[in-house]
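Step one of this worksheet: look at the structure below.
The values are calculated or read from the model by the stated rules, or taken from the named source; none is laboratory data. These numbers were taken from a predicted model, which means no experiment stands behind them. Because the Cβ atoms are built from the backbone with ideal geometry, glycine has one as well, and the counts that use them run over all protein chains shown.
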Amino acid sequence: MPGRSAATGVFTYGAAAGLAADLIIGDPRRGHPVAAFGRAAGSVEKLLRRDHRGWGALHTAVCAGGATALAALAARTVRDRPGAAAALTAASVWAVVGGTTLGREARAIGGALAAGDLEVARERMPHLVGRDPQSLDGPAMARAVVESVAENTSDAVVGALVWGAVAGVPGLVGFRAVNTLDAMVGHKSPAYRRFGWASARLDDVAGWPGARLTAALATVAGGDPKGAAKAWRQDAAKHPSPNAGPVEASFAGALGVRLGGTLTYGGRVEHRPVLNGEGRAVEVGDIERAVRLSRRVTALTLAVCVGGRIVAGAMKRRKA
């Protein structure tokens, strides 16, 4: 079994290679592992679906637990071979992060908005956000994209890397499985209010550390650290999501814009509090600024995760 320093090297090289693969290749149009998991989870849902929290918890345990167990088995088979372990880590990081696709979709919508083609922008909106595009004008779409870039930086990148640093390949896969289940059944529609409760709550727990790290790094890497810290401190708790609040508030402060307000999901209207009320309204150019901030946060996350593993290993050696 490799020592702690070797394990840190496996994570470092594997995570860096996986992020590079995501940057160069992005998500495949067909055969994506996360999509395959989603189809499998959908099949399990058909068997277990009841309007009951207990059945929803069983669905979460079977799907997320099964994916994590398979990842642990795969990691166990290569644990004595650092090269193979690093390759498995790289493949897992590439599979579970989605920073490149996030930026690509955001920029595509931004380009359509800049060209004044609202219909094209509305057609692409479902690739990135869950709200009803037909109810949005140009400024509202720009705001929605910036909010999605902020939230998905945590969900699609930072959270996965954090759990990868903590628990290796099982942490990477387990986090993405939980996050995917939340997207599938965790919303508060009448059909899923009970069945999706367990997935939603587990996602809140799993996403907690990544969201706080995302907010902290956005504060450091943004153009206005004081404004980001102030928005995070004053406005994060106003958001209905315990994890999206810190992330969106810090991005709003870092970019100097206002986020939040009225939005529509599946015909359901929500009036969310304004985040960073001292900022200006979101403009189309802020989409590119948000994407660049997201990339800086990604790079810093890798450095923090690797540094954290090095420090943790040093502390364990001192105690030994």
Residue check for residue 78: buried (at least 17 other Cβ atoms within 10 Å of the Cβ), without any contact (Cβ under 8 Å) to a residue 40 or more places away in the chain and over 21 Å from the mean Cα position of the chain (by Cα):
yes
So residue 89 passes all but one of these: (1) touching a residue at least 40 places away in the same chain (Cβ under 8 Å); (2) farther than 25 Å from residue 26 by Cβ. Which condition number does it fail?
(2)
Looking for something surrounded by 24 or more Cβ atoms within 10 Å (Cβ to Cβ) and under 19 Å from residue 160 (Cβ atoms) - is there at least one such residue anywhere in segment 224-236?
no
With respect to residue 121, determine if the residue is of a type in the set (A, V, I, L, M) and under 21 Å from residue 158 (Cα atoms).
no
Output the residues belonging to segment 169-203 that are within 12 Å of the chain's Cα centre (by Cα) and either of a type in the set (D, E, K, R) or surrounded by fewer than 19 Cβ atoms within 10 Å (Cβ to Cβ) (or both).
176, 182, 183, 203
Being crowded, with 17+ Cβ neighbours inside 10 Å, aliphatic (A, V, I, L, M) and either within 19 Å of residue 258 (Cβ to Cβ) or in contact with a Pro (Cβ under 9 Å, 6 or more places away or on another chain) (or both) is true for just one of 142, 112. Which residue is that?
142
Restricting to segment 127-142, name every residue that is closer than 23 Å to residue 274 by Cα, modelled with pLDDT under 95 and within 23 Å of the chain's Cα centre (by Cα).
128, 129, 130, 131, 132, 133, 140, 141
Take the residues in segment 269-309 that are in contact with a Ser or Thr (Cβ under 6 Å, 6 or more places away or on another chain) and in a helix (DSSP H, G or I), then tell me which one is surrounded by the fewest Cβ atoms within 10 Å (Cβ to Cβ).
306
Of the residues in segment 208-263, how many are in contact with a strand residue (DSSP E or B) (Cβ under 7 Å, 6 or more places away or on another chain), aliphatic (A, V, I, L, M), farther than 18 Å from residue 292 by Cα and assigned to a helix (DSSP H, G or I)?
1
I'd like to know if segment 145-156 contains one or more residues that are touching a residue at least 24 places away in the same chain (Cβ under 8 Å), in contact with a Phe, Trp or Tyr (Cβ under 9 Å, 6 or more places away or on another chain), among the hydroxyl-bearing types (Ser, Thr, Tyr) and under 17 Å from residue 239 (Cβ atoms).
yes
Which condition from (1) within 23 Å of residue 197 (Cα to Cα); (2) surrounded by 14 or more Cβ atoms within 10 Å (Cβ to Cβ); (3) not aromatic (Phe, Trp, Tyr) is the one that residue 42 breaks?
(2)
